[in-house]
Amino acid sequence: MRGELLKKELSIYTFSDLLEHYPHRHIDKTQVHKIGSISPATDFVQVVGILQPPALMGDKRARRLIAQLTDDTGTLELAWFQGANWVQKNLVPGQKYLVFGKTGFFNGKPQMVHPEIEIFTPAKEGGKDYLEPVYPATEKLKARGLNGRQLAKLTYQLFSMIKPADIPENIPAHILADYKLMNRYEAYSNIHFPVSDKAYKAALRRLKFEELFVAQVRLNLVRISRHQSSRGVIFEKVGDFFNTFYNQYLPFELTGAQKRVLKEIRTDTARGRQMNRLLQGDVGSGKTIVALLSMLLAADNGFQSCLMAPTEILAQQHYHGLSELLKDMGVELALLTGSTKTAARKKIMQGLQDGSLHFVVGTHAVIEEKVQFHNLGFVVVDEQHRFGVAQRAKLWEKAVIPPHVLVMTATPIPRTLAMTAYGDLDYSVMDELPPGRQPITTVHRNEMARATVMDFVKTEIEKGRQAYFIYPLIEESEKLSYEDLMQGYEQVKSFFPEPNYRISMVHGRQPSDQKETNMARFVNGDTQIMVATTVIEVGVNVPNASVMVIESSEKFGLSQLHQLRGRVGRGSEKSFCVLLTGQKVSNDARERIKIMCATNDGFLIAEKDLELRGPGDIEGTRQSGALNFKLANIVNDKEVLEVAKIAAEKLVEEDHTLNLAKNLELKNYLQAQKARSGWGKIS
Ligand code: ADP
Ligand code: MG
């Protein structure tokens, strides 16, 4: 019965699950505060007092239980809104209770809602020589009488049954020694029942290290085994396609970073093993041309390439951009998206199958099963954040020998995240922008200043520039933001009346041919203003656009703002970004806006974004499984992650089969864990 409940409510199935259900705090009975010392500034507090008879209040539907707890300095009100009847039955008036919880002030008096409460037993009397753990429990478990304290009893019983040999070490002894880590049994024992605060901290550090170290070892093993065992098509030569383009049609000199990355790709693809490379570059660093040159290299060696973009607009833009660059090159390329008409689609599929098409650019439509290639050799996944792991994996099945894969990020990924979520990929960084770019000036304006902002946009347009007005995303279902957008559109129109001004509008609810036409008009300069939602967020390239106004910018996340802002400042003109907000802005939003105004550096912004949001929320990483740590957190435990990574790399480099005697325990552990954790190919 309890077992069933634990399974259902906390996914605790086995002893080891119970061991890994960690306490969220410990009771230190020496840390008792006086009720009189509670002030509005107090947060969580532990007090001891005599419980006065509780009283049930309210009617049947909104029953609550109120009780007063008093010590010699004051009175604290305790309140329960759930399970009031049950709680009342279990409380003993006149008893001395130990109470812990978050305090608040209600009608000028201190109050604690749903406190943790137990009959007070002085530490010595209880005969316990450890700090008592308190475990997270669900409301349902509590209602069935299994609260955090009961879980503590269960865990304590479990501990009295097991011996050190039941929790074998999994980190090699030399690493334990090098990093002064507690052994595993001791760590488990002390994270639950620490003999002191110091012991608890040491246990915590050891277990965090273990989580991160094991994950890093795994990632390194995956990468090394791919290096060693995976076959890959060989691009042995640089030929006419590449050379002709490079010498005659490349419209600019490559940056040092672009050259370096191309060299890395060239080396990777000549080795006879599959390349899996993550290319990190800031917005506007010129990733597209690197992709194109790599695709030409594939063509030189008789292989087809595919460039996959996350949205239809972006796929179209890539297609048009590449077509323009390649127009005198005799390269055959096609655009394949969800809206490609049947007849055209048939022709493209034919061309891909018989090998007459060199390149295909598209959305995820290109990875549908029906699409067959003659000999796919190179795949570019642009703006990687939006592609799921499963989608990318489908590409593997498109050729006998898997094609080389270049994954390009929309904006940089924080270092710690790249290490954990993409640690099995090789990665390149483009940390240099093409020359002549001027930093974008970003300002924050209240929407009351809208008229001034509009005037400013007007002067830019009069200089021949173009402008974006961006509104929060429209989901198909989201009626409200659609109305906001339409209202915004009317407002922009009233400031910029026809026929002097021409406006394009693009949003997610439009049919794709309409989107395409509106986009094309802006790209061609037929329209000077683009009113859009975040559908234009990634990739769109209109170098003449020099100003972007982001409406309700408090609603956007940092990396999204940075990505949006990257749509301006792509030419040689000075560019501007105006972040409009309402009157009331939350502290978090204010912080984001401050960062945006202070820097253009995408690598820095990525770090801040991770700090503000926490690792669980970064797009595209949730399903990766690489961040499911129980204790470690890649933001707060950066230092531990760094050392764990170094230790793991060193170990795998020395012994990638883990057959050395000193690494056998680790090997056994990894094998035992494999089935349980669902680790697989990440990319
Ligand atoms: P992103 O990395 O954001 O995808 P793009 O590939 O779209 O950036 O490039 C941004 C702009 O910079 C494009 O207009 C592109 O033609 C231009 N560009 C790329 N590389 C260079 C370079 N080496 N010198 C000058 N302009 C460049
Ligand atoms: Mg791009």
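A count restricted to segment 553-584 and to residues that are of a type in the set (Ser, Thr, Tyr) and either surrounded by fewer than 23 Cβ atoms within 10 Å (Cβ to Cβ) or under 18 Å from the mean Cα position of the chain (by Cα) (or both) stands at 3. Can you say whether residue 324 is open to solvent by 30 Å² or more (accessible area, probe 1.4 Å) and within 16 Å of ligand 1 (Cβ to nearest atom), as far as the supplied structure shows? So residue 324 fits the description; yes. Name the residues in segment 425-452 that are at pLDDT 90 or above, more than 16 Å from ligand 2 (Cβ to nearest atom) and either polar (S, T, N, Q) or open to solvent by less than 10 Å² (accessible area, probe 1.4 Å) (or both), would you? Those that are at pLDDT 90 or above, more than 16 Å from ligand 2 (Cβ to nearest atom) and either polar (S, T, N, Q) or open to solvent by less than 10 Å² (accessible area, probe 1.4 Å) (or both): 441, 442, 446, 452. Scanning segment 276-310 for residues that are among the polar types (S, T, N, Q) and surrounded by fewer than 24 Cβ atoms within 10 Å (Cβ to Cβ) yields 288, 301. Residue 604 passes every criterion in (1) assigned by TED's automatic domain parsing to the domain that holds residue 453; (2) closer than 23 Å to residue 432 by Cβ; (3) open to solvent by 10 Å² or more (accessible area, probe 1.4 Å) apart from (1). Restricting segment 383-424 to residues that are within 16 Å of ligand 1 (Cβ to nearest atom), part of a helix (DSSP H, G or I) and under 21 Å from residue 608 (Cβ atoms), the residue that is modelled with the highest pLDDT is 384.
Of everything listed in (1) in a helix (DSSP H, G or I); (2) open to solvent by 20 Å² or more (accessible area, probe 1.4 Å); (3) of a type in the set (Asp, Glu), the single unmet condition for residue 210 is (2). Check whether at least one residue in segment 282-298 is of a type in the set (A, V, I, L, M), modelled with pLDDT under 95 and within 16 Å of ligand 1 (Cβ to nearest atom), and report yes or no. Yes; the residues of segment 282-298 include at least one that is of a type in the set (A, V, I, L, M), modelled with pLDDT under 95 and within 16 Å of ligand 1 (Cβ to nearest atom).
So that you can scan it fast, the table gives a plain yes or no per residue for (1) open to solvent by 70 Å² or more (accessible area, probe 1.4 Å); (2) assigned by TED's automatic domain parsing to the domain that holds residue 450; (3) in contact with a strand residue (DSSP E or B) (Cβ under 7 Å, 6 or more places away or on another chain):
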site: 494; (1), (2), (3): yes, yes, no
site: 497; (1), (2), (3): no, yes, no
site: 500; (1), (2), (3): yes, yes, no
site: 514; (1), (2), (3): yes, yes, no
site: 521; (1), (2), (3): yes, yes, yes
site: 529; (1), (2), (3): no, yes, yes
site: 535; (1), (2), (3): no, yes, yes
site: 544; (1), (2), (3): no, yes, yes
site: 547; (1), (2), (3): no, yes, yes
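Determine whether segment 332-355 contains at least one residue that is away from ligand 2 (no atom under 16 Å from the Cβ), closer than 21 Å to residue 236 by Cα and surrounded by fewer than 23 Cβ atoms within 10 Å (Cβ to Cβ). Looking for residues that are away from ligand 2 (no atom under 16 Å from the Cβ), closer than 21 Å to residue 236 by Cα and surrounded by fewer than 23 Cβ atoms within 10 Å (Cβ to Cβ), one finds at least one in segment 332-355, hence yes.
Among the residues of segment 227-264, those that are more than 15 Å from ligand 1 (Cβ to nearest atom), assigned to a helix (DSSP H, G or I) and surrounded by 19 or more Cβ atoms within 10 Å (Cβ to Cβ) comprise 241, 242.
A Cβ distance below 7 Å, combined with a sequence gap of six or more or placement on separate chains, defines the contacts here; from segment 92-116, residues that are of a type in the set (D, E, K, R) and part of a strand (DSSP E or B) reach residues that are surrounded by fewer than 16 Cβ atoms within 10 Å (Cβ to Cβ) and modelled with pLDDT under 90 in the pairs 102/43; 102/44. For segment 19-48, the set of residues classified as assigned to a loop (DSSP other than H, G, I, E, B) and crowded, with 16+ Cβ neighbours inside 10 Å consists of 21, 22, 23, 29, 32, 38, listed by residue number.
In segment 136-180, the qualifying residues are those that are hydroxyl-bearing (Ser, Thr, Tyr) and in a loop (DSSP other than H, G, I, E, B), and the one that is most open to solvent (accessible area, probe 1.4 Å) is 179.
The values are calculated or read from the model by the stated rules, or taken from the named source; none is laboratory data. Here the structure is a predicted model, which is why all the values come from computation and not from measurement. Note that each Cβ is placed from the backbone with ideal geometry, even for glycine, and that neighbours are counted across all protein chains shown. Side chains are part of the model used for accessible areas, which takes the heavy atoms of the whole protein and leaves out ligands, DNA and RNA. Shrake-Rupley method; radii C 1.70, N 1.55, O 1.52, S 1.80 Å.
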